[in-house]
1. Lys/Arg Cβ at +1, Asp/Glu Cβ at -1, dipole of region 180-283 taken about the Cα centre: which of 262, 202, 237 is farthest positive-ward?
2. Treat every Asp and Glu Cβ in the chain as -1 and every Lys and Arg Cβ as +1, leave all other atoms uncharged, and give the resulting dipole magnitude about the Cα centre to the nearest 20 debye.
3. Before I look further, what does region 54-174 give for accessible area per residue, probe 1.4 Å, in whole square angstrom?
4. Using modelled backbone amide H atoms (1.01 Å from N, in-plane), which distant-in-sequence or interchain residues come within less than 5 Å of residue 200's amide H?
5. Over the chain, what percent of the accessible surface lies on carbon and sulfur atoms, probe 1.4 Å?
6. Taking Cα Rg over 2.2 N^0.38 Å as the quantity of interest, determine which of (i) 0.97; (ii) 0.92; (iii) 1.38 was computed from the displayed structure.
7. About the Cα centre, and with charges only on the beta carbon of Lys, Arg (+1) and Asp, Glu (-1), how big is the dipole of region 99-204? Nearest 20 debye, please.
8. Once you've got the Cα coordinates, tell me which of 217/260; 154/218; 170/192; 192/260; 99/218 are over 24 Å apart.
Amino acid sequence: MSTRYALEYAGLRGLLGLFALMPAPVASATGGAIFRTIGPLMGISKVARRNIQRAFPSWTRAQVDVTVRGMWDNLGRIVAEYPHLDTIARNHVTFRDAKTYADAGARDTSTLFVSGHLGNWEILPPALLLHHNITMHSAYRAPNNPHVDQLIVKLRSFGGKLKSFGKTRKGLGEILRTLQTGESVGMLIDQKMNTGIEANFFRYPAMTSTAFVEMAKKLGCPLIPGRIIRDKGCNFIIDADPEIPVKDRTTEEVVADMHKILERWISEQPEQWLWIHRRWKEN
């Protein structure tokens, strides 16, 4: 283990251990306070500001700054909520569109859920398992630090019931095999994927993965956009949009539909999206 990775891992373990000693609402509030104080001062916040200004060109600097602080608050809460995923998923979620998830849970076939880095996306898999008996494994981009990666995967595994698949060729193969067994998978599709296709996102071209469309086409499984909205503190609302049709449609059409949904979601709660991604080609 390199010194840098060891320090990162030890720091995260210590921080999560501290948050684990607190009740979930207190941990969430503490994490938010720390990150919204430090985050806006970090260099990566310049990327967030550029992205926000690109998406909302008419916004004033004050509006951009408020959104940056809100983004860091949300991210700090996400970190602090990792030790409390079980408690939050059991006791702090409300389903706005429970029928969509209930119907998915009642199917004998798999469902491919698509979403973005909104609210606390880590809450969605355990919440679906607990409330609708949907085993939804996750596709994710692994952090560079392998020890941090192992820690996060363990925290989100819900006692080994939920799997995490890397966004690699091997991981995509595992996702495909999992969907073929009848279990479901959730994919966050709002990050840049240089091997994908260009699609308009807030009026500008952005490279996007097409894997979620290709899998839905290949297996004929429903493609459902779902999101989790932070309501107050560590309380959440889980919502869903209507199934996106894929049969007899081009990949570009389906990707465009999903991007329009993401734009609407982000516009409704801009402070809950992770603006520090370098989403567009130019940044």
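The values are calculated or read from the model by the stated rules, or taken from the named source; none is laboratory data. Just so it is clear, the model here is predicted, and its values are computed rather than measured. With ideal geometry, Cβ positions are generated from the backbone for all residues, glycine too; neighbour counts draw on all protein chains shown. SASA here: full protein model, heavy atoms, side chains in, ligands and nucleic acids out. Shrake-Rupley method; radii C 1.70, N 1.55, O 1.52, S 1.80 Å.
1. Of the listed residues, the answer is 202.
2. On the way: 37 positive and 27 negative charges, 148 e Å.
Roughly 720 debye, rounded to the nearest 20.
3. 45
4. So residue 200 has HN proximity to 206.
5. With neighbouring chains kept in place, the figure for the chain is 54 percent.
6. (i)
7. Magnitude of the dipole: close to 200 debye.
8. Numbers: 217/260 20 Å; 154/218 30 Å; 170/192 19 Å; 192/260 16 Å; 99/218 26 Å.
Long pairs (Cα-Cα over 24 Å): 154/218; 99/218.
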